[in-house]
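The structure appears below as structure tokens.
The values are calculated or read from the model by the stated rules, or taken from the named source; none is laboratory data. Values in this document were obtained by computation on a predicted structure and should not be read as measured data. Cβ placement follows ideal geometry from the backbone for every residue including glycine, while neighbour counts extend to all protein chains displayed. For accessibility, only protein heavy atoms count, side chains too; no ligands or nucleic acids. Shrake-Rupley method; radii C 1.70, N 1.55, O 1.52, S 1.80 Å.
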Amino acid sequence: MFGGSSKEDSSSGLVERPLYRPQEMQQMGPFKVSPMGFGTWSWGNKLLWGYDESMDTELQEVFNVLVASGINLFDTADSYGTGKLNGRSEQLLGRFLKEYPGSPQAAANVRIATKLAAYPWRLAPSQWVGACRASLRRCGVEKLALAQLHWSTAKYAPLQERLMWDGLVAIYEEGLVDAVGLSNYGPKQLARIGAYLDKRGVPLAAVQVQYSLLSRGPEQASVKAACDDLGVALIAYSPLALGMLTGKYSAEDPGSLPGGPRGLVFRQAERGPPVLPGLQPLLEVMGEVAARRRKTLSQVAINWCMCQGTVPIPGAKDLRQATENLGALGWRLSDGEVRALSEAADRVPRVMVQNIFQTK
Ligand SMILES: NC(=O)c1ccc[n+]([C@@H]2O[C@H](COP(=O)([O-])OP(=O)(O)OC[C@H]3O[C@@H](n4cnc5c(N)ncnc54)[C@H](OP(=O)(O)O)[C@@H]3O)[C@@H](O)[C@H]2O)c1
């Protein structure tokens, strides 16, 4: 357990104690973030994640425990929340932040990073500014840490892509965000937009891509190298491969698989057979490391992402998952363990499908 200071709020009983050393914080443009953040895609998503409103009380506790443990980066998006619940993830974050029962300093240190969807009608800078203002309202804050382009339109609407860059510039110039970010961008497109934003004096702080032991090919390596060149942070999304790296799903036990579209995702692969059956040898190596370290598979998977110099943002749907995932903090895998895990991951025959909008 790390963190010099530990503070207990007498009314809530919440103990504020960061689970990492201050020097482990990561620079993200103009601000610093905890070595890992948390993602909130499932908060409001019935279709893929089985969310319902009765989960909100526990999700608020999740938020409180995370902030008290020193987590200050929360990833969301204006498209998160299904159907009538569109925008729910931002709304919940805003409500939980406002009602945070701990210290005002901890609340003030929270960085909300939203993603703005590249809807085809979002063209002019004023439309992007309007979208960001709507996110600010839902989150209940005057300024966001990051507005990230959720995906690039370079593959199917290159003209819109260029307009979106100006949208980011306008959002920053309006003073709505501390910095801007990108999502699902590959190294070539990243270098172009990085140069453009630099020319316009807009700080590009982070790029997020799917990154995990099941999403670690040459594409991820080249995005990481491009991020390092530009001096921007790499946020690793889906670090648990949508739950597959927790070890709780088994190809032999179809009953263990989630229903709905996520079950389908687990059965998909770049080509050919599904991911899960070939995963077992990797899970065994993860299990050996976890047993030696007295950690869990999830903690090993998240820690591996941190050891790659990324800022992972695992999702958590309840207190148990959140607490377990927090256990990825405060220790580091050895170089040998990282190598053994990476080599085992190399032998997995099928890996995660990349986002269809991911650019070169
Ligand atoms: N930019 C993008 O295009 C993009 C795309 C995807 C995600 N993201 C961001 O990345 C965040 C994280 O990615 P993700 O949510 O896709 O997947 P993930 O972090 O790989 O997996 C999260 C899911 O795994 C299960 N889980 C988490 N911790 C667990 C534990 N300790 N034990 C057992 N099960 C556990 C939970 O679902 P169950 O309980 O239902 O299994 C949870 O919702 C998202 O919330 C979002 O903010 C961004």
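Annotations for the structure displayed:
- Label separation (V15 vs A117): 4.2 nm, computed from points 7 Å beyond Cα along the C-beta direction.
- Value at 222 nm in deg cm²/dmol, rounded to 500, when DSSP H runs of n ≥ 4 in the chain each add -39,500 (n - 2.57): -12000 deg cm²/dmol
- Of all DSSP beta bridges in the chain, antiparallel share, percent nearest 5: 20
- A simple spin-label model places the labels of R292 and Q27 3.3 nm from each other, with each point 7 Å out along Cα-to-Cβ.
- Average accessible area per residue (Å²) across the chain - probe 1.4 Å, nucleic acids and ligands excluded: 42
- The mean of 1/r over all distinct Cα pairs in segment 7-346, once inverted, gives the Kirkwood hydrodynamic radius of 20.5 Å.
- FRET efficiency for the pair E174 and S222, taken as 1/(1 + (r/R0)^6) with r the Cβ-Cβ distance and R0 = 25 Å, rounds to 0.15.
- Share of carbon and sulfur in the accessible heavy-atom surface of segment 162-298 [1.4 Å probe, %]: 52
- Viscosity 1.306 mPa s, 10 °C: Kirkwood-radius Stokes-Einstein D of segment 173-236 over Cα pairs, µm²/s: 132
- Amide H contacts under 5 Å for L144, placed H, 5+ residues apart: V177, D178
- Alpha carbon centroid spacing (whole Å) that separates segment 284-344 from segment 30-49: 17
- Other residues lying with their Cβ under 14 Å from the Cβ of L159 contribute a combined charge of +1, Lys and Arg counting +1, Asp and Glu -1.
- Distant-in-sequence amide contacts of G186, defined by a placed amide H-H separation under 5 Å and a gap of 5 or more residues or a different chain, comprise T359, K360.
- Length available on full extension from C307 to Q354: 0.36 nm per residue minus the Cα-Cα distance, which gives 14.8 nm.
- The DSSP beta bridges internal to segment 102-215 are antiparallel in roughly 5% of cases.
- Where a label projected 7 Å from the Cα of T82 along Cα→Cβ would reach, residues of segment 222-265 with amide N under 18 Å: 242-244, 257-265
- Of W43, Q26, A108, farthest towards positive along the dipole that unit charges on Lys, Arg, Asp, Glu beta carbons give segment 25-115: Q26
- M28 long-range amide H proximity, modeled H, under 5 Å: V33
- Stretching the chain fully between E252 and Q105 yields a gain of 48.1 nm (0.36 nm per residue, less the alpha carbon separation).
- Potential extension, E8-V338 segment - 0.36 nm per residue separation minus Cα distance: 115.2 nm
- R192 versus R162: modelled label distance in nm, points set 7 Å from Cα along the beta carbon direction: 0.9
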